[in-house]
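Undergrad: Can you read through this structure? Questions will come right after.
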Amino acid sequence: MKYISSKEYAAKYNWNPVYVRMLLADGAIPGVIRTGRTLLIPENTPAPEWLDGTKHEYETGCYTALSTWADANNFSRSRLKDLYNAGKLPSIIEVGGRLFVPDDLLSREEAEILKIRTFNKRPFSKSFLTILLRYPPQKLPKDISETVKYLLGKLDPVE
């Protein structure tokens, strides 16, 4: 499903963005997802009826802002953006120029694998991972070697 921002929703119905924010605050628009301070509106949501009075609750816990997710999982923001631009993470959505990551993007085990860090707690750079791949595979444990190849995009993910 594609989501749009309140500005895009206002442009779609030729309304003032302030009016759309008032509708969002009143809960008049159905299917809205709250991610922190940002509200994501489904693209195919119809305009609310006048004097309807129906209140719709926000869905929460579905998506997290890319920067928040990257900081929480010790993952590089630029690497996530590169993976998104390459089409490797189709579940990430873009709304109003910002990227949002689904909360279930990675299982706990996959998130731990992606947290491979150097001794100074920073993510490995792509050049360091490339150098790491030049070593013979017998010197690296099998799971780390495959993980590094996966991070570089040289190994298709196991489904």
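We did not get these values from a lab; they are worked out from the coordinates using the rules stated. Since this is a predicted model, take the numbers as computed values, not measurements. Note that we place each Cβ from the backbone using ideal geometry, even for glycine, and neighbour counts take in every protein chain shown.
Undergrad: Within region 34-53, is even one residue loosely packed, with under 14 Cβ neighbours inside 10 Å and of a type in the set (Ser, Thr, Tyr)?
TA: Checked against the condition, which is being loosely packed, with under 14 Cβ neighbours inside 10 Å and of a type in the set (Ser, Thr, Tyr), region 34-53 yields no hits at all.
Undergrad: Taking only region 1-54 into account, find how many residues are hydrophobic (A, V, I, L, M, F, W, C), in a loop (DSSP other than H, G, I, E, B) and over 16 Å from ILE93 (Cα atoms). It would help to see each step written out before you state the result.
TA: Here is the first cut: in region 1-54, the residues hydrophobic (A, V, I, L, M, F, W, C) are 1, 4, 10-11, 15, 18, 20, 22-25, 28-29, 32-33, 39-41, 47, 50-51.
From what is left, the residues that are in a loop (DSSP other than H, G, I, E, B) are 1, 15, 28-29, 32, 47, 50-51.
Filter once more, keeping what is over 16 Å from ILE93 (Cα atoms): 15, 28-29, 47, 50-51.
Total meeting the criteria: 6.
Undergrad: Next up: Inside region 70-93, can you point out the residues that are of a type in the set (Gly, Ala, Ser) and over 17 Å from ASP104 (Cα atoms)? Break it down into steps so the answer makes sense when it comes.
TA: Taking region 70-93 and keeping what is of a type in the set (Gly, Ala, Ser), we get 70, 72, 76, 78, 86-87, 91.
SER76, SER78, ALA86, GLY87 - these are the residues of region 70-93 that are of a type in the set (Gly, Ala, Ser) and over 17 Å from ASP104 (Cα atoms).
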